1. Measuring from label point to label point, each 7 Å out along Cα→Cβ, what is the MET59 to ILE15 span in nm?
2. What are the ³J(HN,Hα) values, in whole Hz, obtained from phi via the Karplus relation 6.51 cos²θ - 1.76 cosθ + 1.60 with θ = phi - 60°, for each residue of the stretch 40-54 in sequence order, with x given for Gly and Pro?
3. Positive end of the dipole of the chain, charges at C-beta (+1 Lys, Arg; -1 Asp, Glu), about the Cα centre: which of ILE15, ILE77, GLY51 has its Cα farthest in that direction?
4. Rank these for me by crowding, MET1, MET59, going from fewest to most other beta carbons within 10 Å.
5. Consider the candidate values (1) 6.0; (2) 9.9; (3) 7.3; state which one is mean projected area of the Cα convex hull in nm² computed from the structure displayed.
6. When only C-alpha pairs under 8 Å and at least 6 residues apart count, what is the relative contact order of the chain, in percent?
Amino acid sequence: MESFFLYSAVLLTIIIAVPLVRVIKGPSVLDRLLATNAIASKTIVLICLIGFLFGRIDMFIDITLAYAILGFVGSLIIAKYISLEKKEPEDGN
């Protein structure tokens, strides 16, 4: 059973490389943001798999929850920055 989780973790690591290309070569900031969120969600699953392999899933679940919260807040901050950047300044006239 451990070998299944080990192979799954290796396969998931390879799958994480696919959105990494979009982060590096993305045509826009929104594409890069979506790819970063995809990497973060796959990383959360990978951390859970590693926790199961080490036999300390309870500790690794806490780590993944903190990572998920940081990723969500980071996405909100970047989205707010993008929305403020696109607004045009208002004239006083």
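Only the coordinates and a few stated rules stand behind these numbers; no lab work does. Predicted, not measured: the structure shown is a model, and the values here were computed from it. Glycine gets a Cβ as well: all are built from the backbone with ideal geometry, and neighbour counts include every protein chain shown.
1. For MET59 paired with ILE15, the spin-label model returns 2.6 nm.
2. 5, 5, 5, 5, 4, 5, 5, 5, 5, 5, 5, x, 5, 5, 7
3. ILE15
4. MET1, MET59
5. So the structure-derived entry is (3).
6. Numbers: 53 pairs, mean separation 22.4, N = 93.
Relative contact order here is 24 percent.
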